[in-house]
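Asker: First the structure, then my questions, so here it is.
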Amino acid sequence: MKRVLLLCSLFLFTAYGTYLQAQKTSWPKEIPFPKTGGKLIIYQPQPDALEGNKLSGRAAISAKEKGGEDPIFGALFFEATLFTDKARHTATLESIKITNAKITGVDDQEKITKLIAFIEAEVPKWDMEISLDELTATIRKAHPNAEIYNNNPPVIIFREKPTTLVILDGEPKIQKDKNLDAERVINSPNLIFKEENTWNMYVGGTWYQSASVKTGWVPAKGMSKKVKSVNDQIKKQEKEQNNNKDITAKPELTDIIVATVPTELLQTKGKPEYKKIDSTNLQYVSNTANDIFKDPKGTIYILLAGRWYKSASLSGPWTFNESDKMPDDFAKIPEGSEKDNVLVSISGTDAAEEAIIDAEIPQTAKVDRKTATVKVEYDGDPKLQTIEGTGLQFVQNANLTVLREETSGRFFALDNGVWFISNSSKGPWKVSDTRPVDLDKIPAKSPAYNAKFVHIYEATADYVIVGYTAGYLGSYVQGDPTIIFGTGFYYAPWYGSIYYPRPATWGFNFCYNPFFGWSMGFGYNIGFLHIGFGFGGGYGYGGGWFGPPMYRPPYRPPYYGGGYYGHGRRPVFVNNGNININNNHNNIYRPGNGGNNNRPGISNRPSNTNRPGNNYRPGNNGNATGNRPGNRPGNNGNNGSIGNNRPGNNRPTAPAAKTPNNVFADKSGNVFQKDNKGAINQRDNKSNSWKPSNPSVGGNMNRDAQLRDRGTQRNNNFNNVQRPQSRPSMGNAGGAARSMPANRAGGVRRR
């Protein structure tokens, strides 16, 4: 009952924000003619090409100069800059340029000229916001140059009872933590420390103990004074993250497996229970949070971090199986069904195409040159490593991604999706309007690889428009083509007086959904809110394991799977996106100072109390639209609303027109309508009527209509889903006036 009440209250909390968002993104849009009572109606844009943050396309229009006239229909062709808010799944068409307008079948050329002049002058004055779901569903493009990443399987362990996988980056590295006054394992995202001869670890809401870091973990029978003190701080933090309410869910005790090499865990509750998938000859394992399937021949298929592996047995051995070479039945899994979440990893499906487009739509921000600052720190003198195939060097021991151009000697620092430049490794730093030379040549084997996905689109004397695509957060388009999480390559961390982890592909059961992108899953062993990646107060850390060091992906509840696409049941996420990872602190563990949470320019950056990691999207004051999973780089903690940081944001919002969104334009400027019987008709302006279209042309428009309907359904699904907290958002580099909220791919802050 308590859980039901919680879900209901959270639904009501988000309902009003969802309603407002739906009103802003609804199409068609209506623009009034001044003083005449007429109006221009612009139907939903039909994208033709997306290059970086530049979108070109066309849109059907209808217009009447006076209120009593019959409307005439035509098409406008445009180029626009996308300013995106991936947390809210919206994009605004900025700097709209009308490149052409066509109105066929009207003899009054003076009227046409006047109308086109009105369109060209008036449309750029209005705020045109569109749902990203509507964009991703309607853009289609080829992906001939998609890269092939490392798909060798990790160690894959199968267990038939609840088990927790604890990841170590190699053999345990132990250093004294003065804040804890204890030895601590520094190369794990989990809190593991020693008291006398006993190791203590907090996992899934429970304390475990062992005489060894790697083996022998059992639930603790009691707590020492030190452990109780740490536990009290953890419970306080968990309560704060649960709206100051006690957490009543009882964590489940599990076995513990400690892995020192890349590893993934498959687990079921008891013997695997197989269920048939409708419309296919496949079966799936129903008593697991993992994606496990069996075909009629008995071959087992599993999906890990977007990659398929197969074996004759759940015990392995496992081999990689290309997404475009999966059995045909996988593409037949019904949308809206229990296992439709895997469609995104089957080449050629609508879900896979949409995920690729979503990964290529950038998250954008406007960065104020005067206020944006960065703090670059090194563990000693900078240690340079040449990046193979480039004229760049990677600084191994920096708190951020820092690159040096070998020819110019200039240094570039990447902080929360913003490039900074300096002639010296010690600064001073300023916002850069250029990227490092050879950046796009960085190979996937380099730990700086994700930096190539951060772009600079425009620069003025006052600001720089920047943006990143999903690769910055670890989501890549593989040549199948489908999206995957992580490159699959192992990146050695920096060990010194400071430990800097690198992005990891394996160990966190990454799964994708169209609402929030990539999220972590931990099987059945995690209680509500109890993730166990350290905690605040200087003890916890965990950043850098998933991408930019301040980014943590959302947590995927273990009891939910599928129902993401089509008209199926609506997914419900319990509000447990509060991941217990070093909240309100930087993500670097520094022995002896408790994480150094007083580092100037990072944890205590000016005007940025809602630093990523606090499970509220900075700048939204914890409102409904910000309660998304994770913490993406990109949302300014100062200026609040996204519009305040968007170029040209003082325009009025074009209101939604009270007419169906069922009119389309082809590339020749002809206008079509899909009627309520599903027929495609072409507009005849001479007779002010709709007439049956040529079947060959109508077929193309019917496909456009299907994609538009799909985008509308995706947007409705997103608006109806209950959000976990903390959608990844882009942090504020020292008070930068920018707004980069939000997997996505979704989707994990500073390197």
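The values are calculated or read from the model by the stated rules, or taken from the named source; none is laboratory data. Computed from a predicted model, the values in this text were never measured in an experiment. With ideal geometry, Cβ positions are generated from the backbone for all residues, glycine too; neighbour counts draw on all protein chains shown. Each accessible area value is taken on the protein alone, full model and side chains, heavy atoms only, with ligands, DNA and RNA left out. Shrake-Rupley method; radii C 1.70, N 1.55, O 1.52, S 1.80 Å.
Asker: Which residues, taken from the stretch 347-358, are of a type outside the set (D, E) and open to solvent by 10 Å² or more (accessible area, probe 1.4 Å)?
Answerer: Selection gives S347, G348, T349.
Asker: Filter the strands (runs of 3 or more DSSP E) completely within the stretch 366-440 down to those with at least 1 residues that are polar (S, T, N, Q), open to solvent by less than 60 Å² (accessible area, probe 1.4 Å) and farther than 13 Å from H455 by Cα.
Answerer: 392-395, 401-405, 418-422
Yes or no, residue by residue, for (1) buried (at least 22 other Cβ atoms within 10 Å of the Cβ); (2) at pLDDT 95 or above; (3) part of a loop (DSSP other than H, G, I, E, B):
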{"site": "Y476", "(1), (2), (3)": "yes, yes, no"}
{"site": "I484", "(1), (2), (3)": "yes, yes, no"}
{"site": "T487", "(1), (2), (3)": "yes, yes, yes"}
{"site": "Y491", "(1), (2), (3)": "no, yes, yes"}
{"site": "S497", "(1), (2), (3)": "no, no, yes"}
{"site": "W506", "(1), (2), (3)": "yes, yes, yes"}
{"site": "Y524", "(1), (2), (3)": "no, no, yes"}
{"site": "L529", "(1), (2), (3)": "yes, no, yes"}
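Asker: Return yes when A80 is under 30 Å from G471 (Cβ atoms), open to solvent by 10 Å² or more (accessible area, probe 1.4 Å) and either part of a strand (DSSP E or B) or among the hydroxyl-bearing types (S, T, Y) (or both) and no when it is not.
Answerer: For A80, the condition - under 30 Å from G471 (Cβ atoms), open to solvent by 10 Å² or more (accessible area, probe 1.4 Å) and either part of a strand (DSSP E or B) or among the hydroxyl-bearing types (S, T, Y) (or both) - is not met.
Asker: Looking only at the stretch 386-395, decide whether some residue is within 30 Å of A461 (Cβ to Cβ) and of a type in the set (S, T, Y).
Answerer: no
Asker: Check off (1) surrounded by fewer than 18 Cβ atoms within 10 Å (Cβ to Cβ); (2) assigned to a helix (DSSP H, G or I); (3) at pLDDT 90 or above for L707 and give me the number that stays unchecked.
Answerer: Tallying (1) surrounded by fewer than 18 Cβ atoms within 10 Å (Cβ to Cβ); (2) assigned to a helix (DSSP H, G or I); (3) at pLDDT 90 or above, L707 fails exactly one: (1).
Asker: Test of understanding: among V395, V437, V367, V466, which residue is closer than 19 Å to P503 by Cβ and of a type in the set (A, V, I, L, M)?
Answerer: Just a single option satisfies the conditions, and that option is V395.
Asker: Here's something else I'd like to know. Tell me which strands (runs of 3 or more DSSP E) are completely within the stretch 282-324 and hold 1 or more residues being of a type in the set (D, E, K, R) and surrounded by fewer than 22 Cβ atoms within 10 Å (Cβ to Cβ), or say none if there are none.
Answerer: Per the criteria, 291-294, 307-311.
One line per residue, one yes/no per condition, for (1) part of a strand (DSSP E or B); (2) under 27 Å from R710 (Cβ atoms); (3) in contact with a strand residue (DSSP E or B) (Cβ under 8 Å, 6 or more places away or on another chain):
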{"position": "S62", "(1), (2), (3)": "yes, yes, yes"}
{"position": "G74", "(1), (2), (3)": "yes, yes, yes"}
{"position": "E110", "(1), (2), (3)": "no, no, no"}
{"position": "K114", "(1), (2), (3)": "no, no, yes"}
{"position": "V123", "(1), (2), (3)": "no, yes, yes"}
{"position": "D133", "(1), (2), (3)": "no, yes, no"}
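Asker: Sticking with this structure for a sec: Step by step: first the residues of the stretch 171-219, then only those that are open to solvent by 20 Å² or more (accessible area, probe 1.4 Å) and at positive phi, then the one that is modelled with the lowest pLDDT. Which residue is that?
Answerer: Per the stated criteria, the residue is D181.
Asker: State all residues of the stretch 648-703 that are crowded, with 20+ Cβ neighbours inside 10 Å, part of a loop (DSSP other than H, G, I, E, B) and of a type in the set (A, V, I, L, M); if no residue qualifies, say none.
Answerer: If the condition is that a residue be crowded, with 20+ Cβ neighbours inside 10 Å, part of a loop (DSSP other than H, G, I, E, B) and of a type in the set (A, V, I, L, M), then A654 is the only one that fits.
Asker: Using beta carbons and a limit of 6 Å, which pairs, at least six apart or on different chains, have the first residue in the stretch 661-682 and at positive phi and the second one among the small types (G, A, S)?
Answerer: Listed pairs, sorted by first residue: G669/A75.
Asker: Next question, about the same structure. Identify all residues within the stretch 447-466 that are assigned to a loop (DSSP other than H, G, I, E, B) and buried (at least 22 other Cβ atoms within 10 Å of the Cβ); write none if there are none.
Answerer: P447, A448
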